[in-house]
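A short write-up of the structure that comes next.
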Amino acid sequence: MQNQSMGPSGLSQKQLLASAIGLALAGQGGFALAAETGNGQLELGNISVKGQADAGYKTEKSASAKYSEPLLDVPQTITVVPPKVIQEQQALSLRQVLSNVSGITFNAGEGGGGSGDSINIRGFSANSNIQIDGLRDSAQTNRTDTFNVEQVEVIKGPNSVFGGAGTTGGSINIISKQPQDEAFTRLGGSIGTDNYYRLTLDANQPLEGVGENSAFRINLMGHQNDVPDREEIDRERWGIAPSLRLGFSESTRLTLSAFHQTDDNMPDYGVPARDGKKLSGVDRDAYFGWKNLDKEEIEQNSFTANFEHDFNDNLRLQNLTRYSHISRDTTISASHVNVDGVPPGRYRPAGPQGYGRDATTEMWINQTNLISNFEIAGMRHDLVAGAEISRETLDLKTYNHGLGNALYPSDGYDLGNPPGYWSGPVNKATSGYTETELTDKALYLFDTIALHEQWDLNLGLRYDKFEGEADGYSAAHVKTSDLSSTDEKLSGRVGLVYKPAPNGRIYVAWGNSFNPSAESLASTGSGLSAATADLDPEKNETWELGTKWELFGGRLELDGALFRVEKTDARETMADGSTQLAGKQRVQGVELGVTGHITEQWDVFANYTFLDSETLEAADTPAGIAREGQALGNTPPRSLNLWTTYELPAGWTIGYGARYVSERNVSSSTQAKLDDYWLHNAMVAYRVNENLDLQLNVNNLFDKDYVERVRQQVGTDARSSAIEYGDARSAILSATYSF
C-alpha cells in the first residue's frame, strides 16, 4: 500500500480513511440527537425503520425532468440499473454497474485517462456523454464508487436532443441519492479477500418544524482493497455527500447537495499483448509499471442547487445549478513492450514511462426546465421547455521522469519477471501546458402529444452553440498553439407510439446527434488541432422500431427493439496527413430485455444485445482501405447480462449473475480477435432480524481469466499493445445495521 501518500489536507490516506470511519460513527449519533424532543427526551422510535421499501428492479420513470412520460411510453431503449441491483451485487464503480447493461464495452485508459470511464455504447465512444442528475459531467476521472449513487440510466442511440454534443451510441445519467420523507439510518461494513475493507453510512432525517417537508441526508464512505489477482494494484478512497432539502412552502423547495471524494490508487495498465492475446511468458498478475513513480491521486468536489416551484398542478419550474472542481494528478507507465533487438524472453519498455498529467477541471452549469401539461383541440400535451448554459475549463500540466532507452539495460528486462520498481536516475521535468475552455449554450423543447387514446407523438428539438478554445504552452510557458472552434447545431427526435393494449406499446423513432472536434476538449485537452479546428461536426442518426409490454399486473416488463445507427462525415486522416470528413460507420442490431418480478419471490434483470457493426467508408489510404468492411473494434456481436434473485423462507435470499461477451475485433482494421467469455457471480443474503442484514458475494465464481478492457491496437514487435483483465475471483461479506 502507499502508506506515505498524502491527501490534500496533509493526512495520509490511511488517516483519511480512519477519519471517514470516525465521521460515520459520529454521524450515527448526530442523527439520534436530531430526534430529541423539546422536553429533552429522546424518541428513538422516530428514527427507527424496518428497512427501505422494496422498489424492486422495475423502474417506472426516469429521474430526468426531460422525460415527462413513464418509461413504458418513451419510444427509445432506456435501461435503468436500479438501487436494489447495485446493492445486491455490491457494485462499487460505474464500470461494475454498467456491466449489467448489454451492448456496453470498455476500452483501456489512454493518455493517463481513467479506464473506468472509457465506455463504448453500441460500438461508439461515450466518454464525454456522462451526466449526473441530468447535468453534463465530462471531466476525466475514475468514477470509482457508488456510495452516493441511487441508480444509473443508460439512454441508447444518438440523442443530442437530450444530452447535447456527442451521444453517438447513447448517454449515461447517474442519479444521486436525495433526501427522503422517512427517517432511516443504515451503517454498512464489509470485509473480503484481497484486503477488502469498507464502511458506509446512509442516514436520512426529516426536519420537523423546518418549513414544509424538509429533510437532511448524509452519505459517508471509507474504502480500501487490492485488485484481485493484481497484487501490485491497490485502491484507497473516502467520501462524504450531504444533502439538504428545504421546503419553503408546499409548492416551493430547494435542495442543496455537496460531494467530496478523495482517491489514492495505483494505476493499472494491464499486461503487454499482441493481436488481443497476452504475450507468451507473461503472467496474468505481472506488473509492468514502476511502483515508486506511478500514482493516481484524485480529489473531486461539487456543489449542486436544485430549485423547484409548482405554479399549479399543470405547471412546474426546475432550476439546476452545479459547480464542480476535480484535481487529478497521475503518473503512468504503459504496459507496452519492445521485444525487437533483445534476447528471447526479454523486453525493453515502450510507450510512455513515468508520464505525468496534473489536471484541474472546473465546470459551471445551469439548466432551467419548465414542465407543463395542457390540452389543445382535444389533444393532451406534456411539454418540457428548457435552457442550458455551461462553461468547462481544463488546466493541464504534463511532465515526465526522464526515463528512456538509454537508461534501460542493453539486454532488457525479464518478460516473466518485470522489475516493478525504478532504481535508475530520475529527472522529473515539465514538458508542457494546455489550457482549454469549452462553453455550450442550448435551448430545447420536448412535447408528447396524445393524438388519440392509442397514439402518442413524441417530439424533441434542441439548438446548441458549442465553442471551444485551446492554448498550448511549452515547458517555459511560451505559447505554442492557439486554436478555437464554434459549432451551431440543431438536433431532433421524433417518435410515434401505438398502444394496442393498456399494458403494451409499439413504437418507431428517429433521432440524431453531432460530434464536434472540441467534444473532449475539457476532459482530455485533445480534439482541436490545426487539422480539425475548422471541420464541421461528425453526424449520427438512428432509427429504432421497438415494443414494450408489462405483464403480471405490471410487475414484469419485456422490451424489444430493432435499431440502426449511422455515423457519417467521420473524421479521417488522409494520405497527405490532412483530416477530412470522409468516413462512414454503421451499427445495427437487436435489443431485448426483461425486468421485474416473475413471482413474488423471484426477481430478474436481464438484457441481450446483438450488434452488426461495419466501417462502410474510410480514408483512401492503405490503413483506411483495410478498415472498409470490417467490424468496429471492441464491439461484440453478442452480449448478454443476467442478474436474478430468489427469496427463500426464514429470511434467506440467493442470487446468481451471468455475463457473456462474444468474440470481437481488437481494432477496426485487422482480423485479430479478443476471446469470448462467460462470467458467473453468486450472492446469498440473510436477514438476521429487522435491524441486521448479512450478505455474501462471490464474484467471478469460476476464476475466469477474461479481457475486460483493451487498447484498440494489435501491436508490433517494437511496441506491443496491452490488455486489462477483469477482476479474478473474490469474496465480500457485508453487514448492514438499520436503526
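To the nearest Å, what is the center-to-center distance of segment 360-392 and segment 142-211, using C-alpha atoms only?
Cα centres, segment 360-392 to segment 142-211: 22 Å.
Sort 512-525, 567-580, 182-195 for me by packing, meaning the mean count of neighbouring Cβ atoms within 10 Å per residue, highest on top.
Order by mean packing, descending: 512-525, 182-195, 567-580.
Under 21 Å between alpha carbons, and skipping anything fewer than 8 positions from K58 in its own chain: which lysines qualify?
Within reach: K66, K84, K156, K177, K499, K548.
In the neighborhood of D283, defined by Cβ-to-Cβ distances under 13 Å, what is the net charge if each Lys or Arg adds +1 and each Asp or Glu adds -1?
Its environment carries a net charge of -3.
Give me the compactness ratio for the chain, meaning the Cα radius of gyration over 2.2 N^0.38 Å.
Here the Cα radius of gyration is 0.95 times the empirical estimate.
With each run of n ≥ 4 DSSP H residues scored as -39500 (n - 2.57), what mean residue ellipticity at 222 nm is computed for the chain after dividing by its residue count and rounding to the nearest 500 deg cm²/dmol?
My calculation for the chain gives -1500 deg cm²/dmol from helical runs alone.
Treat the count of other C-beta atoms within 10 Å as a stand-in for reagent exposure and order W290, W422 from fewest to most.
W422, W290
Read-outs throughout are calculated quantities, based only on the coordinates presented, and are distinct from any laboratory measurement. This one's a predicted model, so the numbers in the text were calculated from it and none came from an experiment. Don't worry about glycine lacking a Cβ; one is built from the backbone with ideal geometry, like all the others, and counts go over all protein chains shown.
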